[in-house]
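Working notes for the structure below.
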Amino acid sequence: MNFIENIGKILIDTSRYAVEILALFFETLYWLFIGPFKGKFAKRQGIFSQMVFTGVDSIVIAFFVSFFTGIVIAMQSAYQLSRFGADIFVAPMVAVSIARELGPVLTSLVVAGRIGAAIAAELGTMKVTEQIEALDTMALNPIRFLVVPRFLALLIMLPCLVMFSDLMGILGGFLVGVFNLGLNPYRYITFSFEFMAWKDVWTGLVKSAVFAVIIAMVGCYMGLNTKGGAEGVGKSTTLSVVTSFILIILFDAILTGIFYFIKT
Amino acid sequence: MDREVIIKADNVKKKFGDRAILNGLTLEIYRGETFVIMGGSGCGKSTFLRHIIGALKPDSGSIHLLGKNLANVTDDEMDKLKKKIGMCFQSAALFDSMTVGENVSLPLREHTKLDQSVVDIVVKMKLELVGLRGFEDLMPSQLSGGMRKRVGLARAIVMDPEVVFYDEPTAGLDPIVAGVIDKLILDLSKKLSITSVVVTHDMKSVFSIADRVAMLYEGKVLEVGKSEEIKQSKNPMVQQFIVGNPDGPIRFFQQKDDYIEQLLK
């Protein structure tokens with residue numbers, strides 16, 4: 001009985017989280033699109049500082065992750081392809097897999113760990129030290145004031161980071177192809193772009209936008225619902241990273257499925 | 001005496017889970033007075049405060065703030081009400097990412113169209129009131145506990161509110177700083193004729209600032225009256241609380257089941 005009870009409890013908790021995160025999402029959209037018409041803009045300064053924190057400061061880590069992923073894919077695929085004398089197909093292999101899948105997903109996972117955790121920890125600390133409540137008593141809506149800038153920053157910067165990652169991944173593969181496999185650089189590049197369709201890039205960017213929404217909403221939700229001091233902040237930080245990771249992978253599967261069936 | 005009632009709570013009840021925190025609380029607070037709400041930890045003082053500022057909704061009963069029933073105000077009206085009140089938090093609740101000056105000026109910058117130069121002047125005036133002029137560029141983490149509370153107070157009064165709420169303003173401060181805060185609360189009430197509602201269990205500050213005092217116990221008003229009347233109260237519970245006697249009608253132990261029984265379980 002206990003086992004079934006546990007499953008039921010997990011199901012109920014999960015659906016409650018889902019409903020509340022969706023509610024937060026819609027409220028964020030309200031403050032983003034309808035609030036400004038009532039003269040209540042989100043703080044511009046806040047958005048820019050969040051964009052620097054989310055985007056510019058993540059460039060180094062995004063570079064390392066995707067650059068080395070590009071190198072690894074190039075080597076691994078060369079290992080197989082060289083048996084058929086098809087070394088040159090390393091180029092489209094790297095370009096397409098990075099643009100479609102690994103660029104968006106790996107970058108988003110890194111950003112979820114870096115930014116999602118930071119958001120949850122910051123908002124969580126603000127919550128347990130009554131700062132959220134203070135904002136509210138000053139008639140400043142915490143969602144407009146804290147969530148919207150972070151949401152916008154992620155939504156704008158994550159696709160940018162993903163584009164950067166795509167390029168860096170391809171560069172990694174290029175270096176392996178040219179210096180290790182001895183391919184002609186010009187042929188490597190033309191081959192890459194010959195096989196890479198526009199769809200490969202935009203599906204990756206759509207994915208990254210969805211992941212940005214997930215990271216922002218989960219991080220903000222966990223932060224704003226923090227309870228009980230330092231331990232609570234730790235818990236919601238962990239929970240935000242874990243939940244973002246799971247949701248990113250889950251939505252990656254769903255979106256890949258959808259894009260697979262859309263034949264354009 | 002028919003003074004304007006600025007806050008009116010009528011039979012307010014609130015439950016968290018199975019525990020009734022507020023249990024039929026009825027209270028009236030008049031304009032311009034310094035009203036102290038005292039009571040032991042967990043008696044519902046802070047919860048009641050959060051009901052008045054609209055952060056919590058009562059399960060039953062009604063609360064009127066500045067003549068409006070909080071149960072049926074719209075969000076916009078609530079925002080307008082919130083601009084007329086100030087709240088001074090127990091932990092000061094300063095925004096860590098902003099300087100002292102930005103903290104104090106935040107409501108002005110958000111809710112008014114005042115020029116930055118005017119805002120700066122107002123901030124200087126408010127900080128002067130709390131004795132911290134010249135500290136505008138420090139971060140909250142560089143201040144001591146007492147200074148943070150005073151900045152929080154400056155922020156609470158920066159919009160020239162009609163009512164200021166203080167949640168345990170002297171808790172955790174040394175006696176001198178506590179005295180300074182008490183004097184500040186009195187000064188503000190007299191100089192700016194602000195209604196002050198102070199939640200505290202610091203007896204010294206209760207009787208040095210209060211016009212009227214309400215003692216809460218188990219989510220109800222045990223006794224309410226002028227500061228002197230409460231001091232002379234015949235109610236043994238009130239006397240026990242004032243003196244701080246561990247033995248008396250107020251039970252310190254909150255467990256309901258029997259100690260021996262639980263040990264032998």
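The values are calculated or read from the model by the stated rules, or taken from the named source; none is laboratory data. The structure presented is a predicted model; accordingly, all values stated were derived computationally and were not measured. Methodologically, a virtual Cβ is constructed for each residue, glycine included, from the backbone with ideal geometry; neighbour enumeration extends over all protein chains shown. Just the protein is used for accessible areas: all its heavy atoms, side chains included, with ligands, DNA and RNA removed. Shrake-Rupley method; radii C 1.70, N 1.55, O 1.52, S 1.80 Å.
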*Count - residues of the range A:132-173 that are among the aromatic types (F, W, Y) and either surrounded by fewer than 23 Cβ atoms within 10 Å (Cβ to Cβ) or modelled with pLDDT under 90 (or both)*: 2
*asked:* Anything in the range B:1-21 that is without any contact (Cβ under 8 Å) to a residue 12 or more places away in the chain and outside any strand (DSSP E or B)? List them, or say none.
replied: B:M1, B:D2, B:G17, B:D18
*asked:* Conditions first: (1) touching a helix residue (DSSP H, G or I) at 6+ places or on another chain (Cβ under 6 Å); (2) among the hydrophobic types (A, V, I, L, M, F, W, C); (3) in contact (Cβ under 8 Å) with a residue 60 or more places away in the chain. B:V198 passes all but one, so which condition is the exception?
replied: (1)
*Only residues that are surrounded by 18 or more Cβ atoms within 10 Å (Cβ to Cβ) and charged (D, E, K, R): list them for the range A:187-223, please.*
A:D200, A:K207
*Mind telling me which of the residues A:F179, A:F251 ends up being open to solvent by 30 Å² or more (accessible area, probe 1.4 Å), over 17 Å from A:A120 (Cα atoms) and under 16 Å from the mean Cα position of the chain (by Cα)?*
A:F251
*Is there any pair linking a residue in the range A:2-22 that is surrounded by 10 or more Cβ atoms within 10 Å (Cβ to Cβ) to one that is not acidic (D, E), with Cβ under 7 Å and at least six apart or on different chains, and which?*
A:E20/A:Y221; A:I21/A:M217; A:I21/A:V218; A:I21/A:Y221
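Which ones in the range A:133-143 are facing chain B (nearest Cβ under 9 Å) and farther than 14 Å from B:H111 by Cβ? Even if it seems obvious, please write down each step before you answer.
From the range A:133-143, those facing chain B (nearest Cβ under 9 Å) are A:133-141; that's our starting set.
Answer for the range A:133-143, where residues must be facing chain B (nearest Cβ under 9 Å) and farther than 14 Å from B:H111 by Cβ: A:E133, A:A134.
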*Might you let me know whether the range A:74-96 holds any residue that is surrounded by fewer than 19 Cβ atoms within 10 Å (Cβ to Cβ), without any contact (Cβ under 8 Å) to a residue 60 or more places away in the chain and farther than 30 Å from A:F179 by Cα?*
no
*Is it true that some residue in the range B:109-116 is crowded, with 19+ Cβ neighbours inside 10 Å and either charged (D, E, K, R) or touching a residue at least 12 places away in the same chain (Cβ under 8 Å) (or both)?*
no
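Considering each of B:A156, B:A178 in turn, give the residue that is away from chain A (no Cβ under 14 Å) and open to solvent by less than 40 Å² (accessible area, probe 1.4 Å). Steps first, please.
On the way: B:A156 fails: away from chain A (no Cβ under 14 Å).
Sole residue among the options that is away from chain A (no Cβ under 14 Å) and open to solvent by less than 40 Å² (accessible area, probe 1.4 Å): B:A178.
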_Anything in the range B:64-100 that is more than 13 Å from chain A (Cβ to nearest Cβ) and either at positive phi or not charged (D, E, K, R) (or both)? List them, or say none._
B:H64, B:L66, B:G67, B:N69, B:L70, B:A71, B:N72, B:T99, B:V100
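Could you say which residue among B:G24, B:G54, B:G40 is surrounded by fewer than 21 Cβ atoms within 10 Å (Cβ to Cβ), in contact with a strand residue (DSSP E or B) (Cβ under 9 Å, 6 or more places away or on another chain) and assigned to a strand (DSSP E or B)?
Only one candidate passes the filter, namely B:G24.
Being hydrophobic (A, V, I, L, M, F, W, C) and either open to solvent by 40 Å² or more (accessible area, probe 1.4 Å) or farther than 22 Å from B:D96 by Cα (or both) is the filter here, so list the residues in the range B:123-146 that pass it.
Listed by number, the residues that qualify are B:M125, B:L129, B:F135, B:L138, B:M139.
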*Restricting attention to the range A:3-13, does a residue exist that is at pLDDT below 90, in a helix (DSSP H, G or I) and in contact with a Lys or Arg (Cβ under 9 Å, 6 or more places away or on another chain)?*
no
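Condition first: within 14 Å of chain A (Cβ to nearest Cβ) and among the hydroxyl-bearing types (S, T, Y). Can you find one or more residues in the range B:115-124 that meet it? Steps first, answer last, please.
The first filter runs over the range B:115-124 and keeps only residues within 14 Å of chain A (Cβ to nearest Cβ), leaving B:116.
Among the residues that remain, those that are also among the hydroxyl-bearing types (S, T, Y) are: none.
No, that holds for no residue.
Please enumerate the residues belonging to the range A:101-132 that are away from chain B (no Cβ under 14 Å) and over 14 Å from the mean Cα position of the chain (by Cα). Working first, answer last.
Quick first cut of the range A:101-132, residues away from chain B (no Cβ under 14 Å) only: A:101-117, A:120.
The one that is away from chain B (no Cβ under 14 Å) and over 14 Å from the mean Cα position of the chain (by Cα): A:A120.
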